[in-house]
Amino acid sequence: IVLQILAISFCVGYIASELLAPWICLSINPGTTIKFSSNSIPSTAPSKAVDGDYSSRWGTNQNQLENEWIEIDLGSAKTVRQIKVFFERATAEQNITSFKIELYNNGSYTKVYQKDTRAAQEENILLDQDYTASKVKLTVLNGDGGTMGWVNVGINEIEVYDENQATV
């Protein structure tokens, strides 16, 4: 499934986990393409994972969790050093038990990160080096119903940063 973004969204604020470090993000450029495995209803469209609004989310259908994925096209090759994923559920309620991040460059994907333990609500992934990529893909590999018993993927926001901590 492919979704074409036609609007721009800005966000400005502070992240508590960064000791109140300021951040500014341009969530997505007009015309950026998002590909995804599935989504539940229009209010949980994949574009919600990159809209700069931490109260909205991309959500998959009920009982769709394993191998669900979202891919963000950065528009051109960019340096990627850090990825932040804000999952819908609080850490204590989390249902994602394994996920991976892949970067696309020169016609192929490279896995740059994989977590095989229960995800935190905020995953701050600092990569081991700078990578060049035109796409970022997050795939949920495994999960359960968490404390809520609801088997699906919910991601409030995905942020991609370059070597200078600027959003790409």
Task: Answer residue from the range 124-146, given it is closer than 19 Å to Glu88 by Cβ and touching a Ser or Thr at 6+ places or on another chain (Cβ under 6 Å) and is surrounded by the fewest Cβ atoms within 10 Å (Cβ to Cβ) among those - done: Asn142
Open item on the list: Cβ-Cβ distance below 6 Å, separation of 6 or more or different chains: which pairs start in the range 141-155 with a residue that is at positive phi and end on one that is acidic (Asp, Glu) and modelled with pLDDT of 90 or more?
Closed with: Gly146/Glu93
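Given the structure, is Ser55 without any contact (Cβ under 8 Å) to a residue 24 or more places away in the chain and either closer than 21 Å to Asn156 by Cβ or out of contact with any Lys or Arg (no Cβ under 9 Å at 6 or more places or on another chain) (or both)? So that I can check it myself, show each step before the final result.
On the way: without any contact (Cβ under 8 Å) to a residue 24 or more places away in the chain: no; either closer than 21 Å to Asn156 by Cβ or out of contact with any Lys or Arg (no Cβ under 9 Å at 6 or more places or on another chain) (or both): yes.
For Ser55, the condition - without any contact (Cβ under 8 Å) to a residue 24 or more places away in the chain and either closer than 21 Å to Asn156 by Cβ or out of contact with any Lys or Arg (no Cβ under 9 Å at 6 or more places or on another chain) (or both) - is not met.
Go through the range 93-120 and give me each residue that's aliphatic (A, V, I, L, M) and within 23 Å of Val151 (Cα to Cα). Show your work before the answer.
Going residue by residue through the range 93-120, those that are aliphatic (A, V, I, L, M) are 96, 101, 103, 112, 119-120.
Those that are aliphatic (A, V, I, L, M) and within 23 Å of Val151 (Cα to Cα): Ile96, Ile101, Ala119, Ala120.
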Task: Test result for Gly52, modelled with pLDDT of 50 or more and surrounded by 17 or more Cβ atoms within 10 Å (Cβ to Cβ) - done: yes
- [ ] Output the number of the condition that Tyr113 fails; it satisfies all remaining conditions of (1) without any contact (Cβ under 8 Å) to a residue 40 or more places away in the chain; (2) over 16 Å from the mean Cα position of the chain (by Cα); (3) farther than 18 Å from Lys35 by Cα.
- [x] (2)
Open item on the list: Can you confirm whether Glu66 is in a loop (DSSP other than H, G, I, E, B), modelled with pLDDT of 95 or more and closer than 21 Å to Asn39 by Cα?
Closed with: yes
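Criterion first (surrounded by 19 or more Cβ atoms within 10 Å (Cβ to Cβ), among the small types (Gly, Ala, Ser) and within 19 Å of Gln62 (Cα to Cα)) does Gly149 satisfy it?
Details: surrounded by 19 or more Cβ atoms within 10 Å (Cβ to Cβ): no; among the small types (Gly, Ala, Ser): yes; within 19 Å of Gln62 (Cα to Cα): yes.
Taking the combined requirement at face value, the residue does not satisfy it.
Restricting the range 92-108 to residues that are more than 21 Å from Glu163 (Cβ to Cβ) and under 16 Å from the mean Cα position of the chain (by Cα), which is surrounded by the most Cβ atoms within 10 Å (Cβ to Cβ)? Step through it out loud before you land on a result.
So the first thing to find is which residues in the range 92-108 are more than 21 Å from Glu163 (Cβ to Cβ), and the list is 92-100, 107-108.
Imposing the further condition that a residue be under 16 Å from the mean Cα position of the chain (by Cα) reduces the set to 94-100.
On the way: Gln94: 19, Asn95: 24, Ile96: 27, Thr97: 18, Ser98: 16, Phe99: 23, Lys100: 17.
Here the answer is Ile96.
Please pick out the residue among Gln121, Gln62 that is out of contact with any helix residue (DSSP H, G or I) (no Cβ under 9 Å at 6 or more places or on another chain) and surrounded by fewer than 19 Cβ atoms within 10 Å (Cβ to Cβ). Give the steps one after another, and end with the answer.
Working: Gln121 fails: out of contact with any helix residue (DSSP H, G or I) (no Cβ under 9 Å at 6 or more places or on another chain).
The conditions single out Gln62.
So, Ser38, is that one open to solvent by 60 Å² or more (accessible area, probe 1.4 Å) and not in a strand (DSSP E or B) or not?
Criteria not met by Ser38.
The values are calculated or read from the model by the stated rules, or taken from the named source; none is laboratory data. All of these numbers come straight from a predicted model, not from anything done at the bench. Ideal geometry is used to build each Cβ from the backbone, glycine not excepted, and the neighbour counts take in all protein chains shown. Just the protein is used for accessible areas: all its heavy atoms, side chains included, with ligands, DNA and RNA removed. Shrake-Rupley method; radii C 1.70, N 1.55, O 1.52, S 1.80 Å.
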